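Below is one structure; the comments refer to it alone.
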Amino acid sequence: MIIFADEYVTLDTPSGPMRTHIARPAAPGRYPAILFYSEIFQITGPIRRMMAMLAGHGYVVAAPEIYHEFEPAGTVLSYDQAGSDRGNALKTTKSVESFDADTRAIIDHLRSRSDCTGRIGAMGICIGGHLAFRAAMSPEVLATACFYATDLHKHSLGKGMADDSLERAADICGELVMIWGRQDPHIPLEGRLKVLARLNELGTRLSWHEVNGAHAFMRDEGPRYDPELALLLYRVVLDLFHRKLGEGDLPSAS
């Protein structure tokens, strides 16, 4: 499917304007939407390609610049130590309330779009996996895929490093897919089991996947990328979204 992947909108949030990147099918019609959260590096080349992959399967994909309060619009942090240090510093400078307010702004935007059916899912990578988990607490979000969600087991997202994500997991009404790399040092076995125990306690509608991959194994740049795992797990995620969000009303003539 041909896509448009170089658009963006600027959304108002309580903490200032937020550039949100849009990838969508080029063909006319209305499509389900995916709220897509990046790694700490913001909208990098690998993130754009992941957006294009999702959009090419029939979704309007919206990816915010998660650090819009602190960095000029369009800022992309480098995949190096300086970029990592900056991204990790900002994730505990920004408040959890501001992350949540950003989510609300994007959901409201997606529901207002003429090319969107109003059926919304969420997906995120790394810190984005945690943010997608929190987005799943919104009643409009029907399906969520979280890839190696950092800090979830430690309650350490946001200013003060004391998030309530696991406590609020009871607010998740849709279906979850949780995906982890067994060789990821940021989320050890005991951390993964803590998350799983909480979701099992709540009876969350859940699919749980652990694979032999390092942190960032989905990122198609750098030595940790595992294309075989990426292909396998894209299928898992797309099956979830097709099943829970449906398809667009693309005219058959297109």
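None of the figures in this text is laboratory data; all of them are computed from the coordinates on show. Bear in mind the structure is a predicted one, so any value in this text is a computation, not a measurement. Positions of Cβ are generated from backbone atoms using ideal geometry, with glycine treated the same way; all protein chains shown enter the neighbour counts.
Note on V236/L202: beta-carbon distance plugged into 1/(1 + (r/R0)^6) with R0 of 22 Å gives a FRET efficiency of 0.55.
With distances taken between every two different alpha-carbon atoms, the range 72-216 has a Kirkwood hydrodynamic radius of 15.9 Å.
Normalise the Debye intensity by I(0) for the range 2-71, one equal point scatterer per Cα, no solvent, then take log10 at q = 0.26 Å⁻¹ and round to two decimals. The Cα Debye sum returns log10 ratios of -1.13.
Going by a ≥ b ≥ c, the root eigenvalues of the Cα gyration tensor, does the range 75-114 fall in the rounded group (a/c under 1.5), the prolate group (a/b larger than b/c) or the oblate group? Before the final figure, lay out each step's value.
Working: a/c = 6.02, a/b = 1.95, b/c = 3.08.
Oblate shape, in that a/c is at least 1.5 and b/c is the bigger or equal ratio.
Each 5 Å bin, from zero up to the one with the longest distance, holds this percent of the alpha carbon pairs of the range 164-216: 4, 19, 29, 23, 16, 9, 0. For the cross-link pairs K91/K159; K154/K194; K91/K194, the ones whose C-alpha atoms lie over 18 Å apart are K91/K194. Comparing the chain with the 2.2 N^0.38 Å rule of thumb, its C-alpha radius of gyration ratio is 0.93 (two decimals). Local charge for V211 was computed over the other residues whose Cβ lies under 15 Å away, with Lys and Arg +1 and Asp and Glu -1, and equals +1. Taking only the C-alpha atoms of the range 8-145, the Rg (one decimal) and the largest Cα-Cα distance, Dmax (whole number), read 14.0, 43 Å. The distance linking the range 18-55 with the range 88-154 is 13 Å (Cα centroid to Cα centroid, whole angstrom).
Its relative contact order, with pairs defined as Cα atoms under 8 Å and 6+ residues apart, puts the range 3-245 at 17 percent.
Let me have the 222 nm mean residue ellipticity of the chain computed from DSSP H runs of 4+ only, each contributing -39500 (n - 2.57), with the sum over all residues rounded to the nearest 500. Before the final figure, lay out each step's value.
Working: 6 runs with 81 residues, N = 254.
Using -39500 (n - 2.57) per qualifying helix, the result is -10000 deg cm²/dmol.
Here, the range 143-254 yields an orientationally averaged convex hull projection of 9.2 nm² when only Cα atoms define the hull. Taking packing as the residue-averaged number of other Cβ atoms within 10 angstrom, the listed peptides 111-117, 237-243 run from highest to lowest as 237-243, 111-117.
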